[in-house]
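Asks: Sharing a structure, written as structure tokens. Questions coming.
Read the figures in this text as sums done on the coordinates, not as results from a lab. Computed from a predicted structure; not experimentally measured. As a convention, Cβ positions derive from the backbone with ideal geometry for all residues, glycine included, and neighbour counts pool all protein chains shown.
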Amino acid sequence: MKRFALAAVVAFAPLAVFAEGVAHKVAIHVDQNDPQVMNMALNNAANVASYYESQGDTVTIEMVTYGPGLNMLIADKSPVAQRISAMSLEMDNISFSACANTMAGMKKKTGHDVVLLSEATVVPSGVVRLIELQEDGFAYVRP
């Protein structure tokens, strides 16, 4: 009987690997200064995270902003700042990237530094960051 039990454990061991779930990666692109687009991007992130969690999977989400979309992450301009703050506290799998090229252009135009939300991380180039993420296997979503 012990041999049968051992054989059963060995035979079904590969199934345990599948029970752990799959790791997914998603890059969400925001390049418009439009609260509806920003909220749609945040909705996409929340819905993707909820879906994969319900499936027993994990997901890493990176929201990449540049051009007019950088306003999403500017401290005194973001129409979704409160929502970003709440999502960052609730979801440890989401990050927000801000384009340094866009920031430099805004600084040149306005004459002062661009102050970002604390949740934002500066990347050298938003477009290049999207390319890097896709090369690393991230799915690409543009709301």
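Asks: Residue by residue through segment 78-93, which ³J(HN,Hα) values in whole Hz follow from phi under the Karplus form 6.51 cos²θ - 1.76 cosθ + 1.60 (θ = phi - 60°), with glycine and proline marked x?
Replies: After applying 6.51 cos²θ - 1.76 cosθ + 1.60, I find 5, x, 10, 4, 5, 5, 4, 4, 5, 5, 5, 6, 7, 10, 8, 9 Hz.
Asks: Specify the angular offset, from 0 to 90 degrees and rounded to the nearest 10, of the alpha carbon long axis of helix 35-54 from the longest principal axis of the alpha carbons in the chain.
Replies: 10 degrees
Asks: For Kirkwood radius over Cα pairs in Å, the listed values are (i) 16.3; (ii) 17.6; (iii) 16.8; which was obtained by calculation from the structure presented?
Replies: Of the listed options (i) 16.3; (ii) 17.6; (iii) 16.8, (iii) comes from this structure.
Asks: Would you please give the FRET efficiency between residue 112 and residue 36, computed as 1/(1 + (r/R0)^6) with r the Cβ-Cβ distance and R0 = 30 Å, to the nearest 0.05? Walk me through the intermediate numbers first.
Replies: On the way: r = 28 Å, r/R0 = 0.94.
For residue 112 and residue 36, the calculated efficiency is 0.60.
Asks: Next up: What is the local net charge at residue 106, summed over the other residues whose Cβ is closer than 15 Å to its Cβ (Lys, Arg +1; Asp, Glu -1)?
Replies: Net of charged neighbours comes to +1.
Asks: Another one. Would you compute, from DSSP H runs of 4+ residues alone, the mean residue ellipticity of the chain at 222 nm, taking -39500 (n - 2.57) per run and dividing by the full residue count, rounded to the nearest 500?
Replies: My calculation for the chain gives -15500 deg cm²/dmol from helical runs alone.
Asks: So how tilted is helix 126-135 from the main axis of the chain? Cα-based, degrees 0 to 90, rounded to 10.
Replies: 20 degrees
Asks: Using a simple charge model, +1 on the beta-carbon of Lys and Arg, -1 on the beta-carbon of Asp and Glu, nothing else, what dipole does the chain show about its Cα centre, in debye to the nearest 20?
Replies: In debye, rounded to 20, the chain gives about 100.
Asks: Can you tell me the length gained on complete extension of the stretch residue 20 to residue 134, counting 0.36 nm per residue apart and subtracting the Cα distance? Numbers along the way, then the final one.
Replies: Details: separation 114, 0.36 × 114 = 41.04 nm, distance 2.43 nm.
Between residue 20 and residue 134, full extension yields 38.6 nm more.
Asks: Can you give the angle from 0 to 90° between the axis of helix 100-110 and the longest principal axis of the chain, with both taken from C-alpha atoms, to the nearest 10?
Replies: That helix lies at roughly 20 degrees to the long axis.
Asks: Between residue 104 and residue 76, how high is the FRET efficiency from 1/(1 + (r/R0)^6) when r is the Cβ-Cβ distance and R₀ = 22 Å? Nearest 0.05.
Replies: The value I calculate is 0.75.
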